[in-house]
Every structure is written in structure tokens, then in C-alpha cells.
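The values are calculated or read from the model by the stated rules, or taken from the named source; none is laboratory data. Just so we're clear, the structure is a prediction, and the values are computed from it rather than from any experiment. Here the Cβ positions follow ideal geometry from the backbone for every residue, glycine too, while neighbour counts run over all protein chains shown. Keep in mind that these areas ignore ligands, DNA and RNA; they rest on the heavy atoms of the full protein, side chains included. Shrake-Rupley method; radii C 1.70, N 1.55, O 1.52, S 1.80 Å.
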Amino acid sequence: MASPTIKLNSGYDMPQVGFGLWKVNNDTCADQIYHAIKAGYRLFDGACDYGNEVEAGKGIARAITDGLVTRSELFIVSKLWNTFHEGPRVGPICQKQLSDWGIDYFDLYIVHFPVALKYVDPETRYPPGWSGESGQIEFSNAPIQETWTAMEKLVDGGLARSIGVSNFSAQLLMDVLRYARIRPATLQIEHHPYLVQGRLVEYAQREGLVVTAYSSFGPLSFLELDVKQAVAAGPLFEHPVVKSLAAKYAKTPAQVLLRWATQRGLAVIPKSNDPTRLRQNLEVTGWDLEQGEIGEIAALDCGLRFNDPIGYGMYVPIF
Ligand code: NAD
């Protein structure tokens with residue numbers, strides 16, 4: 001089964017369902033990508049920070065060599081890490097990431113966080129992570145406008161077909177839209193029933209950006225990281241509202257959560273190792289919840305955010 005696509009403001013079509021690469025182990029990454037392509041996935045959501053772009057590229061290369069897919073049928077996403085926000089750093093790091101993947105353009109390249117950190121030479125430490133040499137957060141003075149202007153040059157130079165942002169607030173998005181020569185095509189944000197962010201989603205969609213939801217299953221992804229709030233929050237899969245809708249539609253709770261997002265026009269990027277779940281997660285577009293049911297799920301909102309630098313012990317209060 002293949003995912004339907006969504007038209008971006010750049011004119012390109014983006015698969016609505018993709019495969020996220022965060023916490024995908026280096027030793028299994030190539031195989032996971034290969035199997036995901038076999039299962040029908042075409043979009044892969046990577047990042048410098050995930051530390052697995054070389055392995056991801058190997059999986060892609062094997063799938064292309066074996067004739068499963070062509071490069072032009074794939075939609076490869078990567079992200080600019082915080083330590084490369086200064087204008088002159090953007091082109092070279094994007095080039096390095098492309099070479100890690102073994103490709104010559106990204107379908108979408110995203111500013112990972114609205115946080116500029118002091119440059120770290122990739123020869124010294126890669127991926128650089130959040131802390132500087134001192135073990136503390138070391139900020140850089142690069143404004144987002146400088147970073148965005150350099151992102152636009154990636155499109156001019158053919159290194160990225162579309163560019164986008166992640167973890168941006170509506171205020172910051174408003175600012176970017178004032179000066180953008182090339183508008184962000186997508187906004188990637190944490191989005192699940194415990195963190196609905198209705199105003200931000202509506203604003204981005206009104207402005208013609210496609211919103212991509214990450215961590216669609218809420219706390220589940222953060223249990224392995226021991227994020228306190230995730231352990232305290234009840235599992236979404238067990239929530240009576242989600243469970244009863246799953247029973248009504250003969251779907252899994254995971255599918256209900258993904259459909260709740262895709263039916264409102266968002267893209268989703270879950271990952272799984274399990275062949276059955278891989279297939280399930282792709283089957284989240286061809287059936288509908290009722291409008292009232294979409295509202296019932298949205299009513300679970302309690303502003304509970306799991307992917308917050310503060311939660312990882314870093315004083316970067318962006319949210
Ligand atoms: P996820 O959507 O991958 O889900 C987390 C867990 O759900 C996984 O451990 C998986 O085993 C399990 N799972 C998947 N499908 C299932 C199913 N059908 N039934 C039961 N369990 C299932 O969560 P995530 O990794 O937090 O987010 C997805 C992707 O979003 C990431 O891989 C990454 O690409 C992206 N992301 C981006 C940011 C950002 O700052 N931009 C932050 C976090 C994640």
C-alpha cells in the first residue's frame with residue numbers, strides 16, 4: 001500500500017505518511033529502511049541529530065540497486081541542526097548530510113529547532129548534540145532570518161527542493177513569513193491528543209504550510225527516554241475514547257491516532273520495526289472518523305508536551 005500525497009507550496013508532492021528515523025539504531029537502520037520501502041513507505045524523516053544518516057543512505061541505495069524504487073519516487077527529509085544556524089554554515093553542512101545519505105538533493109530540509117547554538121566542527125564531534133565543549137549550552141547569535149536566508153540558497157542551488165521549519169511557534173512563523181522569499185513548505189511539530197496545538201496548526205495551514213505531526217502516539221516514544229511526564233501520563237492506546245473508536249472501526253488504537261491527524265490534513269511519520277505495524281501505520285488514510293469523534297479525541301488535550309529541551313535537563317525554554 002502506498003501513501004497518498006499532499007501538494008506543498010513549493011509545487012512538490014509529499015507523501016502524507018512517512019517513516020521517522022529518530023532512535024533508529026545504526027546497526028538496524030539500513031535494513032529497517034529497506035523493509036519500509038518494501039512495505040510501501042516513500043518518505044523518510046531523518047536528521048543530523050539522529051546520527052544514522054550514513055546507514056539510512058545505505059538502506060536507500062540497496063533498495064534502489066535491487067529495483068524496489070527509484071530515487072525520484074522517494075521523498076527524503078533531513079534537518080539542519082542547531083549548531084549550524086550561522087549563514088555560512090548552512091550550505092556546507094547540508095552538503096555533508098547529502099553525502100552521508102549518498103544523494104544529491106533533499107526533498108525537504110528543515111530547521112530542526114529555533115535555537116542557534118555555537119558552531120561545532122563536524123570533524124570534532126558529530127552529531128554535535130545540545131551541549132558545547134564546556135558541557136553547557138552555548139548559544140550563537142545567528143538570528144532566524146540569517147538562517148532562513150541561507151536555507152533559501154539551498155533551494156536556489158538545488159540542494160533542497162523544499163524547505164521547512166520545526167518546533168516553531170506561531171509568533172516565530174509570523175516573523176519568518178514577513179521576510180521569506182521562499183516560504184516554509186512545512187511545519188513539523190509534536191502533535192497528539194495530549195498536545196493538540198489547535199491554533200498553531202490552523203495558523204500554519206491557513207498560511208499554506210503543511211503541518212507534519214511527530215510523536216503521534218504521545219508518551220509512548222518517551223518512555224524509553226525516561227521522560228518523567230511520559231511515565232506519568234496514561235498510555236494513549238489505553239484511553240477509553242481511543243479504544244472505543246478502535247473497536248468501532250475495527251482498527252488499532254495507533255491507526256485511530258494517525259487517522260485523527262491525517263483526516264485534518266496533517267502528515268504523520270511513525271516508525272516501527274514490526275512488519276504488521278509498518279503496514280498498519282500506512283493504512284491511515286482510506287477511512288474516516290466522524291467529525292464529532294475527531295472533536296472527542298481533540299478534547300483529550302491537556303497541553304502535555306514531551307519533547308521539550310527542559311525535560312532533558314537543558315535550560316532552553318522555547319516552549
Ligand atoms: P513514533 O511515532 O515513532 O512512535 C513511538 C513508538 O511507537 C515507537 O517506539 C514504535 O515502536 C511504536 N509504534 C509504532 N507504530 C506502532 C503501532 N502501529 N502500534 C503500536 N506501537 C507502535 O514516535 P517518535 O519517534 O517520537 O516520532 C516519529 C518521528 O518524528 C521520529 O522518528 C522523527 O523522525 C520525528 N521527530 C521529530 C522531532 C523534531 O523535533 N522535529 C522530534 C521527535 C520526533
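In this simple spin-label approximation, residue 25 and residue 315 carry label points 7 Å from Cα along the Cα→Cβ vector, and these lie 3.7 nm apart.
Among 12, 34, 315, the sequence by solvent-accessible area, most first, with a 1.4 Å probe is 315, 12, 34.
Here the extension length gained between residue 250 and residue 156 equals 29.1 nm, from 0.36 nm per residue of separation less the Cα-Cα distance. Each residue of segment 14-26 is assigned a 3J(HN,Hα), and the resulting list reads 10, x, 7, 10, x, 10, x, 10, 5, 6, 7, 5, 4 Hz, derived from the Karplus form 6.51 cos²θ - 1.76 cosθ + 1.60 (θ = phi - 60°), x at Gly and Pro. Residues whose amide H falls under 5 Å from that of residue 111, counting only those 5 or more places apart or on a different chain, are 80, 164, 165, 166, with hydrogens built in the peptide plane. Couplings 3J(HN,Hα) for segment 46-54, derived from phi with the Karplus relation 6.51 cos²θ - 1.76 cosθ + 1.60 (θ = phi - 60°), are x, 5, 3, 5, 6, x, 9, 6, 5 Hz, where x marks Gly and Pro. Could you tell me the center-to-center distance, by alpha carbons, between segment 207-273 and segment 293-319 in angstrom? Cα centroid of segment 207-273 versus Cα centroid of segment 293-319: 13 Å apart. Residues whose amide H falls under 5 Å from that of residue 316, counting only those 5 or more places apart or on a different chain, are 310, with hydrogens built in the peptide plane. Compute the distance from the alpha-carbon center of segment 32-57 to that of segment 123-202, in whole Å. Value for the Cα centre distance between the two parts: 21 Å.
Only helices enter the 222 nm calculation for the chain: every DSSP H run of n ≥ 4 contributes -39,500 (n - 2.57), and dividing by all residues gives -11000 deg cm²/dmol, rounded to 500.
Amide H contacts of residue 117: 83, 84, 85, 140, each under 5 Å away and 5 or more positions distant or on a separate chain (H built 1.01 Å from N in the peptide plane; Pro and chain starts excluded). Result for the chain in a Gaussian network model with C-alpha springs under 10 Å: among 44, 222, 168, the largest mean-square fluctuation is at 222.
Residues 237, 106, ordered by accessible area of protein heavy atoms at a 1.4 angstrom probe radius and largest first, appear as 237, 106. The magnitude of the dipole of segment 5-218, with charges of +1 and -1 set on the Cβ of Lys/Arg and Asp/Glu and taken from the Cα centre, is near 460 debye. Could you calculate, for segment 71-182, the ratio of the Cα radius of gyration to the Kirkwood radius, expressed as Rg to Rh? Using Cα coordinates only, the ratio equals 0.96. Under the simplified labelling scheme, the residue 228-residue 241 pair shows an inter-label distance of 2.6 nm, with each label point 7 Å from Cα along Cα→Cβ.
What shape does segment 96-136 have by the C-alpha gyration tensor, where a ≥ b ≥ c are the square roots of the eigenvalues, rounded means a/c under 1.5, and otherwise prolate means a/b greater than b/c and oblate the rest? Oblate, since a/c reaches 1.5 and b/c is not below a/b. Of 7/58; 38/271; 7/243, which ones are farther than 21 Å apart at the Cα? Over 21 Å apart, Cα to Cα: 7/58; 7/243. A Gaussian network model of the chain, with springs between Cα atoms under 10 Å, assigns the largest mean-square fluctuation among 128, 114, 240 to 240. Across 163, 33, 297, mean-square fluctuation computed from a Gaussian network of the chain (C-alpha pairs under 10 Å connected) peaks at 297.
Among the trypsin sites (Lys or Arg not before Pro) found in segment 107-179, those both in a DSSP coil and sparsely packed, with 16 or fewer other Cβ atoms within 10 Å of their Cβ, are 125. Give the shape of segment 1-100 as rounded, prolate or oblate, defined through the alpha-carbon gyration tensor: a ≥ b ≥ c are the square roots of its eigenvalues, a/c under 1.5 means rounded, and otherwise the shape is prolate if a/b is larger than b/c and oblate if not. Oblate, since a/c reaches 1.5 and b/c is not below a/b. Using a probe of 1.4 angstrom and keeping all protein chains present, the accessible surface of the chain works out to 42 square angstrom per residue.
Here the accessible area of segment 41-113 is 50 percent carbon and sulfur, with a 1.4 angstrom probe and all protein chains present. Summary value for segment 5-218: 18 percent relative contact order, contacts being C-alpha pairs under 8 angstrom separated by 6+ residues.
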